[in-house]
Amino acid sequence: MKLRQWQHDCVKKALETYKTQNHFMCLATPGAGKTVMAAELAARLIEMGKVDFVLCFSPSSEVNESIRITFSRRLQKRFDGLMGAIGSVYTYQSMPSLSPDFWQLLSTHNVLVIMDEVHHLKGIELHNANAWGEEVLVNIQNKAKYTLALSGTPWRSDAAPIVLSRFTEPDNTIHCDFVYGLNQAIADGVCRHPSIALIDNEKIKLDCSQESKEFASITELLEGSSFSYQALINNQQINHHMLKQGVSKLKEIRDKSPLAGGLVVASSIKHAKQLYQTLVKDFQQTACIVTSKLKHPSHTIEEFRQNNIQWIVSVGMISEGTDIPRLQVCCHLSRIKTEMHYRQVLGRILRVTSNESQQAWLFTLAEANLTDFAYRIGQDLPEMAVIFNQKEQQPINLALSDNSSSTEIDHEGSVNLQISDLSRLTEQNTPPYLSDIEQENHYNLALLGGYKERIVRMFDAHLLSS
C-alpha cells in the first residue's frame with residue numbers, strides 16, 4: 001500500500017510521540033486518506049511487537065465497512081472480530097452494548113484503539129461527557145496501550161471538549177499532534193480545488209395579513225422577518241433553481257469525466273423524495289435515494305459508488321467518512337447549519353480520481369451562516385487570493401399562495417410558478433423537520449428579482465503555482 005508523503009510523515013510522528021505518551025491526534029482534511037494512514041500505523045506497531053490487537057470505532061456502519069476493508073488489506077489478516085482476527089471495527093452507537101468481557105481485552109493485551117471522527121465524543125471528565133464520550137473515559141482511557149484520534153473537523157458545534165484531547169494555552173484550543181490542512185492537500189494533488197456557489201435573489205417580496213415587505217437578499221429576508229430557513233429550503237422553486245445549476249455543472253464535468261456524480265443533501269425524507277422527483281422528471285436525470293428508512297442503505301451507497309447513475313439524494317447518510325470519489329457536485333439543502341457539517345459535506349466532493357476533470361462544486365443558499373463558512377474555508381489559505389464573481393441569472397417570478405400548485409410558461413419564456421403551503425414556522429413550538437406541516441399563519445412569498453450566484457473559488461491552480 002503506497003503512502004502519500006503526509007501519511008508517511010504522520011506515521012513517523014506518531015511512532016515518535018508514542019515513546020513518551022499513549023495518545024495521538026491527527027487532523028487531516030476530509031478526503032486526504034486518514035484511514036490508510038491509520039492502517040499503516042497499526043501495521044507498524046504490530047510489526048514492532050507493541051500491539052496485539054486493533055479496535056476501531058466510527059460514527060456509522062458505512063464508514064465501518066471502509067475501515068474493515070482497508071485494515072484487512074494492509075494487515076493481511078481478518079478484521080471482523082471473529083476467531084483469528086487481528087481486530088475489528090464498531091460504531092460509537094454500539095459501545096454501550098459491548099460487554100465487560102469485551103473491554104477486558106484492553107487490560108489483558110496491548111491494544112491500539114482508533115477513534116474516527118473523534119469530534120463526536122464529548123467530555124474530558126465524566127460530569128461533562130456525552131454517552132459515547134463516557135464509554136471512552138470509562139473503558140478506554142488509561143487502559144488502551146495506545147489511542148489514535150482522527151478528525152477532519154476537530155471541534156464540536158456546542159464548543160464542548162473532545163475526549164482525550166489536550167488544550168493549548170492561553171486560547172484553550174485543541175492540540176493536534178499532526179495537522180494536514182486542505183491547502184496542503186490541494187497543493188499535493190490529494191484533494192480537488194473546491195468552488196462554492198452561493199445562490200441568492202436580489203428582490204424578495206413577503207406578504208402577510210398585516211403588512212408587505214421587500215428584501216434585497218436571502219440574508220435580509222431571514223434576519224428581517226419570521227420566515228424560516230427551513231421553509232426556504234422546502235420551497236419548490238428555489239429547489240428547482242439550485243438543482244438546475246447543479247445539473248448544468250455536472251453535465252459540464254461529465255463531458256470530460258463520464259463517471260462523475262452529484263450529491264443532493266436533503267432536510268427530511270419527504271424533502272428528499274421531492275428533490276428526487278425533480279431530478280428525474282424535470283431534468284431527466286438518473287438518480288437514486290438513500291435514507292435511514294431503507295432496509296440496507298449501505299447497499300444503495302455501494303451500488304452508486306460503482307455505477308454510472310448521475311445523482312444520489314441523501315438525508316444525513318453521506319455526510320462524513322463516506323467516500324464516493326466520483327462525487328464532484330453537491331447541492332446543499334440540509335436544515336443543518338453547523339460549520340462542522342458544512343465542511344464534512346464539502347469533503348464528499350474533494351477526493352481526487354484519475355478523471356480528466358477534477359472540479360468540485362458546492363451549491364448552497366447565501367444564508368448568513370453558510371456564507372460565513374464559505375469565507376472561513378477560504379481563510380484556511382490566507383496567503384492565496386479568493387476570487388469572487390457575480391453571475392446574474394434570468395429573472396424568475398415566483399408567487400406563493402395557499403391554494404394553487406401549477407406551472408405556466410408565458411409567451412416570452414419566463415416562468416411563473418404557483419406553489420402552495422409555504423408557511424411561517426413557529427420555531428419555539430415546532431421542530432425544524434416538521435416545517436412542511438401546515439401552520440396557522442401563511443405568507444405569500446414572491447421572488448421578483450434575478451437569481452444570482454456569488455462564486456467563491458478557492459485554491460486555484462494558478463495561485464498554487466505562483
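Yes/no matrix, rows are residues, columns are (1) surrounded by fewer than 16 Cβ atoms within 10 Å (Cβ to Cβ); (2) under 26 Å from residue 142 (Cα atoms):
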| site | (1), (2) |
| --- | --- |
| 7 | no, no |
| 47 | yes, yes |
| 51 | no, yes |
| 58 | no, yes |
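From the set of residues in segment 255-281 that are more than 20 Å from the chain's Cα centre (by Cα) and hydroxyl-bearing (Ser, Thr, Tyr), which is farthest from residue 291 (Cα to Cα)?
Looking at residues that are more than 20 Å from the chain's Cα centre (by Cα) and hydroxyl-bearing (Ser, Thr, Tyr), I get 257.
Could you tell me whether segment 44-52 includes any residue that is without any contact (Cβ under 8 Å) to a residue 40 or more places away in the chain, over 22 Å from residue 121 (Cα atoms), of a type in the set (A, V, I, L, M) and assigned to a helix (DSSP H, G or I)?
Checked against the condition, which is being without any contact (Cβ under 8 Å) to a residue 40 or more places away in the chain, over 22 Å from residue 121 (Cα atoms), of a type in the set (A, V, I, L, M) and assigned to a helix (DSSP H, G or I), segment 44-52 yields no hits at all.
Within the bounds of segment 319-340, is there any residue that is touching a residue at least 12 places away in the same chain (Cβ under 8 Å) and part of a helix (DSSP H, G or I)?
Yes, segment 319-340 has at least one match.
Condition check: more than 12 Å from residue 262 (Cβ to Cβ), of a type in the set (Gly, Ala, Ser) and assigned by TED's automatic domain parsing to the domain that holds residue 233. Does residue 354 satisfy that? Don't jump to the end; show me each part of the working.
Values: more than 12 Å from residue 262 (Cβ to Cβ): yes; of a type in the set (Gly, Ala, Ser): yes; assigned by TED's automatic domain parsing to the domain that holds residue 233: yes.
So residue 354 fits the description; yes.
Can you tell me which residue is modelled with the highest pLDDT among those in segment 164-188 that are surrounded by fewer than 18 Cβ atoms within 10 Å (Cβ to Cβ), in contact with a strand residue (DSSP E or B) (Cβ under 8 Å, 6 or more places away or on another chain) and not in a loop (DSSP other than H, G, I, E, B)?
Filtering first and then ranking leaves 179.
List the helices (runs of 4 or more DSSP H) inside segment 225-303, counting only whole elements, that have at least 2 residues being surrounded by 17 or more Cβ atoms within 10 Å (Cβ to Cβ) and in contact (Cβ under 8 Å) with a residue 60 or more places away in the chain.
Details: elements: 229-233, 236-254, 269-277.
In segment 225-303, the matching helices (runs of 4 or more DSSP H) lie at 229-233, 236-254.
One line per residue, one yes/no per condition, for (1) closer than 26 Å to residue 31 by Cβ; (2) among the β-branched types (Val, Ile, Thr):
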site	(1), (2)
99	no, no
115	yes, no
124	no, yes
137	no, no
140	no, yes
165	yes, no
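Restricting attention to segment 195-214, and to residues there that are in a strand (DSSP E or B) and modelled with pLDDT under 90, which single residue is farthest from the chain's Cα centre (by Cα)?
Within segment 195-214, the match that is farthest from the chain's Cα centre (by Cα) is 212.
Restrict the check to segment 145-163 and report whether at least one residue is over 27 Å from the mean Cα position of the chain (by Cα) and either at pLDDT 95 or above or acidic (Asp, Glu) (or both). Even if it seems obvious, please write down each step before you answer.
Filtering segment 145-163 down to residues over 27 Å from the mean Cα position of the chain (by Cα) leaves 145-146.
Keeping just the survivors that are either at pLDDT 95 or above or acidic (Asp, Glu) (or both) gives 145-146.
Yes, the conditions are met somewhere in segment 145-163.
Return the pairs, sorted by first residue and then second, in which the second residue is of a type in the set (Lys, Arg), the first residue lies in segment 70-96 and is assigned to a helix (DSSP H, G or I), the beta carbons are less than 7 Å apart, and the residues are 6+ apart or on different chains.
72/78
Looking at (1) crowded, with 19+ Cβ neighbours inside 10 Å; (2) under 30 Å from residue 353 (Cα atoms), which is the one condition that is false for residue 78?
Going through (1) crowded, with 19+ Cβ neighbours inside 10 Å; (2) under 30 Å from residue 353 (Cα atoms) one by one, residue 78 breaks only (1).
Looking only at segment 299-328, filter to residues that are within 17 Å of the chain's Cα centre (by Cα) and polar (S, T, N, Q); which one of those is farthest from residue 30 (Cα to Cα)?
314
The values are calculated or read from the model by the stated rules, or taken from the named source; none is laboratory data. Everything quoted here is computed from the prediction, not taken from an experiment. Please note: Cβ atoms are built from the backbone with ideal geometry, for glycine as well, and neighbour counts cover all protein chains shown.
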